[in-house]
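Note sheet for the following structure.
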Amino acid sequence: MYRLLLSIFLITSLFAKEIIAVLDLEQIGLSPQEATILTQRLTTELISLDKYLVVERNNMDKILKEQKFQHSGCTDSECAVEIGQLLNSDFIVIGSVNKFGKTYALDARLIDVGLGKGKLSAKFSMTGEVDALLTIGITSIAKQLCGMQASTTLKQSAQSGISTTTSSYGASLVITSDPPGAEIYIGGNYFDTTPQTLKDFPIGDYDVLLKLEGYEDYTASINLGPRASKNINAKLKGRPSFIQLNGIPLPKDITLKVDGNIKKRINMFIIEVPIGEHIIEVSKDGFSTFIDTIITKVGQLIPIRYELKPFNSDIYFQGNPSIDKVKFEINGTLQSLDNNGRVKIFEGTHNIRVFKKKYLEYLDTVKVNNYQKIYIEYSLEHNAGYLQLNMHPATANVWIDGNIEIISYVAKLNPFTLGQHEIKVKMESYNEYTSTFEIKKGEITTLDINLVESK
């Protein structure tokens, strides 16, 4: 629980926002499932309005469960304050959703945990289908709780403020957005989602608002004259995504790279990143490196938890061929040894590879404890044969397996990997020579090549 509370406290201090938590709406005349859906949508709308830092539902339930606190049925300010203190929140939202006859009513209160009393109240009532509570009513409640103006009533048969009477003088309004699916509000009234074509629309001046979760609100003011045609093509701007660092060593002591580039941080813990897939690398001199791949979505905060282990142990290498003639890999990463054949390593299990071209590689797995010295003695077995090339003219160009080769004409013994190879010999004024040969382990393959002059 303390880790959850610490995370909430850190994020709050970083963004300088007050914390708010939403309790389950009580229901009368609706099902518990419908009340739960409305509660979840209210939480989402408050996050979208971006005034408060909203406690995630899973975190809230986990904290209250650990404290063995039963929060269902909490509808008074005294109970709300007690929950707010457990959650370390500044405000708690309590409320209800009710049905009386054909009318639905939403009521909510914003309780100041510190003062122990209500700060704001919000209400919304409507007649018609219950679906509008989810699309319009909850948005109105969320706005009111944030101190914003919003419509408190809705009669679906005739939306207030805009006449539903049609005439041949009405205007045509086409509204699209990228991405689509944004909620359309004209004069504070809801008109489905984008893309949308509204025909024979009443003339006048209107404020248009588009809302889509994870994106900033889009607003426009339009004037519709008789038989006019207007188009709104909105390019919605996504809310930024963030990653939150948490680990050992502390974030202030590490280097962070996103997709190979060092990123500027908003502060010690928070980094803004574009939407999409990213490779995260956390490093510090003398410590292991943490690498992870994440996919960020619009407006998301992703926690990155790392643990870098100190390089406080040593692996010493010696063997044949000598350390300056071979290469070393640990866990797939090429290593540089010091003059004593040593490489610093951190505690754990490591895969060792020692290799050299045309030799059989050495593979091993070692377990290293803190402050331990490990000694590895290797011996690489030669994995090649030799080609002796007797050629006239001796200065002709030679290609083996498609690659031009510089052949040693002093020793005339040239090491090659085992198996079949293709040879091509070319020189101006001579016919080209092509053939194949086989290299066997430890054996010398001899080729006698005499180029024929071209006619």
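Before moving on, here are some points about what is shown:
- Residue check for Ile254: modelled with pLDDT of 90 or more and β-branched (Val, Ile, Thr): yes
- Residue in the range 109-126 that is touching a Phe, Trp or Tyr at 6+ places or on another chain (Cβ under 8 Å) and either under 27 Å from Gly238 (Cβ atoms) or assigned by TED's automatic domain parsing to the domain that holds Leu212 (or both) present: no
- Of all residues in the range 233-271, those satisfying the criterion of being in contact with a Ser or Thr (Cβ under 7 Å, 6 or more places away or on another chain) and either touching a residue at least 12 places away in the same chain (Cβ under 8 Å) or closer than 30 Å to Val174 by Cβ (or both) are Asn233, Ala234, Leu236, Ser241, Ile254, Thr255.
- One residue stands out among those in the range 347-387 that are surrounded by 15 or more Cβ atoms within 10 Å (Cβ to Cβ) and closer than 30 Å to Lys426 by Cα: the one that is modelled with the highest pLDDT, which is Leu387.
- Top-ranked residue in the range 307-344 [being of a type in the set (A, V, I, L, M) and over 17 Å from Lys284 (Cα atoms); ranked as surrounded by the most Cβ atoms within 10 Å (Cβ to Cβ)]: Ile315
- Scanning the range 289-312 for residues that are of a type outside the set (D, E, K, R) and without any contact (Cβ under 8 Å) to a residue 24 or more places away in the chain turns up Thr289, Ile291, Thr293, Ile295.
- The range 376-389 residues that are without any contact (Cβ under 8 Å) to a residue 40 or more places away in the chain, paired with ones that are surrounded by fewer than 16 Cβ atoms within 10 Å (Cβ to Cβ) (beta carbon under 9 Å, 6 or more apart): Glu381/Leu360
- Listing of helices (runs of 4 or more DSSP H) fully contained in the range 37-150 that carry 1 or more residues being under 36 Å from the mean Cα position of the chain (by Cα) and exposed (fewer than 14 other Cβ atoms within 10 Å of the Cβ): 57-66, 77-87
- Whenever a residue of the range 210-226 is over 29 Å from Gly299 (Cα atoms), its partners that are in a loop (DSSP other than H, G, I, E, B) and at pLDDT below 85, lying with C-beta atoms within less than 7 angstrom and at least six residues away or across chains, give the pairs Leu224/Ile203; Gly225/Ile203; Pro226/Tyr169; Pro226/Ile203.
- Any hit, the range 206-215, residues being over 32 Å from the mean Cα position of the chain (by Cα) and at pLDDT below 90: yes
- Residue in the range 257-269 that is modelled with pLDDT under 90, surrounded by 12 or more Cβ atoms within 10 Å (Cβ to Cβ) and either closer than 23 Å to Ile136 by Cβ or small (Gly, Ala, Ser) (or both) present: no
- Test for Ile184: is it free of Cβ contacts under 8 Å to residues at least 40 places away in the same chain, surrounded by 16 or more Cβ atoms within 10 Å (Cβ to Cβ) and among the β-branched types (Val, Ile, Thr): yes
- In summary, Lys455 fulfils each of the numbered conditions (1) farther than 27 Å from Asn320 by Cα; (2) modelled with pLDDT of 85 or more with the single exception of condition (2).
- Note on the range 171-192: among residues that are of a type in the set (S, T, N, Q) and at pLDDT 85 or above, the one that is nearest to the chain's Cα centre (by Cα) is Ser177.
- In the range 313-419, counting only strands (runs of 3 or more DSSP E) that sit wholly within it, the ones holding 3 or more residues that are of a type in the set (Ser, Thr, Tyr) span 373-379.
- Some residue of the range 428-448 being surrounded by 15 or more Cβ atoms within 10 Å (Cβ to Cβ), without any contact (Cβ under 8 Å) to a residue 60 or more places away in the chain, of a type outside the set (Gly, Ala, Ser) and not in a strand (DSSP E or B): no
The values are calculated or read from the model by the stated rules, or taken from the named source; none is laboratory data. These numbers were taken from a predicted model, which means no experiment stands behind them. Backbone-built Cβ (ideal geometry, glycine too); neighbour counts: all protein chains shown.
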